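Novice: Structure incoming, see below.
The values are calculated or read from the model by the stated rules, or taken from the named source; none is laboratory data. This is a predicted model, so every value here is computed, not measured. Note that each Cβ is placed from the backbone with ideal geometry, even for glycine, and that neighbours are counted across all protein chains shown.
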Amino acid sequence: MNIERPYPSEAVLESFGRMTPDPELREWIYTNYIEDTGPLYSDDHDHLQHASIGVLWSTEPNTRQGRAIIGQAEIPAKSTMGGKWLRARVMQQLADWFGEIPDFLITLDANYCAVCPNVDFLALVDHELTHCAQDRDAFGMPKFNKQTGMPTFTMRGHDVEEFVSVVRRFGVGAAGAEAKALVEAAQSKPEIGAANIAKACGTCLKAAA
Ligand SMILES: [Zn+2]
């Protein structure tokens, strides 16, 4: 699939250790992934039609557990790091950047995204968007705010977490129905294109830590 993608600006790439909001990248994500007319649309992201998403380029290198982190998704309002004043500073910064506290914040490594193949960038954005989920109740039904009627949001972990050695020894059934679905998906041709991301998502490593 041939899709034009946004790149970090020269000014962003010449910076070091900075975070830069990019409203055009944000618009591009909505137009391509979230609106149902977009070429990368997936109904997995439907609830995001009601979400505000802030998007940042980072030129601050980030590593965890020896792996370079190239993307991360989070819910700023649920972030509990630091004390009250640190939290107040972070919230103020977000409001100054985005005009509100966004429901989700996605941060992408500008230097990686400037040079990675198109399909890897598309897959990275899709990966981060998939972390940005609608909460579900005890019966698995999507949750809505009783007052506003809007979806309530949460971070979604991986569909599959299993050891390769267990699947090798006991078969994919040992890893559950979602692992079977993953194998089936892997056996069919990629709908968009075959990406190859060897680096890491900060949200995944955080979930695994
Ligand atoms: Zn992830």
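Novice: Which count do you get for residues in the range 167-183 that are of a type in the set (V, I, T) and at pLDDT 85 or above?
Specialist: Total meeting the criteria: 2.
Novice: Related question: Which residue, of L48, L56, is more than 18 Å from A110 (Cβ to Cβ) and not acidic (D, E)?
Specialist: Selected residue: L48, the only one of L48, L56 that is more than 18 Å from A110 (Cβ to Cβ) and not acidic (D, E).
Condition check ((1) in contact (Cβ under 8 Å) with a residue 40 or more places away in the chain; (2) within 16 Å of the ligand (Cβ to nearest atom)) across all residues:
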site: D22; (1), (2): no, no
site: E27; (1), (2): no, no
site: E35; (1), (2): no, no
site: T63; (1), (2): no, yes
site: L86; (1), (2): no, no
site: M91; (1), (2): no, no
site: L94; (1), (2): yes, no
site: G99; (1), (2): no, no
site: T107; (1), (2): yes, yes
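Novice: Could you tell me whether E184 is free of Cβ contacts under 8 Å to residues at least 24 places away in the same chain, of a type in the set (D, E, K, R) and part of a helix (DSSP H, G or I)? Working first, answer last.
Specialist: Working: free of Cβ contacts under 8 Å to residues at least 24 places away in the same chain: yes; of a type in the set (D, E, K, R): yes; part of a helix (DSSP H, G or I): yes.
Yes: the conditions hold for E184.
Novice: Among the residues that make up the range 37-51, is at least one of them within 16 Å of the ligand (Cβ to nearest atom), over 15 Å from the mean Cα position of the chain (by Cα) and surrounded by 16 or more Cβ atoms within 10 Å (Cβ to Cβ)?
Specialist: no
Novice: Looking only at the range 148-157, decide whether some residue is modelled with pLDDT under 85 and either closer than 29 Å to P39 by Cα or away from the ligand (no atom under 16 Å from the Cβ) (or both).
Specialist: Yes, some residue in the range 148-157 is modelled with pLDDT under 85 and either closer than 29 Å to P39 by Cα or away from the ligand (no atom under 16 Å from the Cβ) (or both).
Novice: Name the pairs whose Cβ atoms lie under 6 Å apart, with the first residue in the range 126-145 and of a type in the set (A, V, I, L, M, F, W, C), the second more than 16 Å from the ligand (Cβ to nearest atom), and 6 or more positions between them or separate chains?
Specialist: Between residues of the range 126-145 that are of a type in the set (A, V, I, L, M, F, W, C) and residues that are more than 16 Å from the ligand (Cβ to nearest atom), the close pairs are F144/P151.
Novice: If you don't mind, another one. Kindly list the number of the only condition in (1) closer than 26 Å to K199 by Cβ; (2) at pLDDT below 90 that fails for N62.
Specialist: (2)
Novice: Which condition from (1) in a helix (DSSP H, G or I); (2) within 15 Å of the chain's Cα centre (by Cα) is the one that G71 breaks?
Specialist: Condition (1) is where G71 drops out.
Novice: So which residues in the range 163-201 are farther than 15 Å from A123 by Cα and within 16 Å of the ligand (Cβ to nearest atom)?
Specialist: E178, L182
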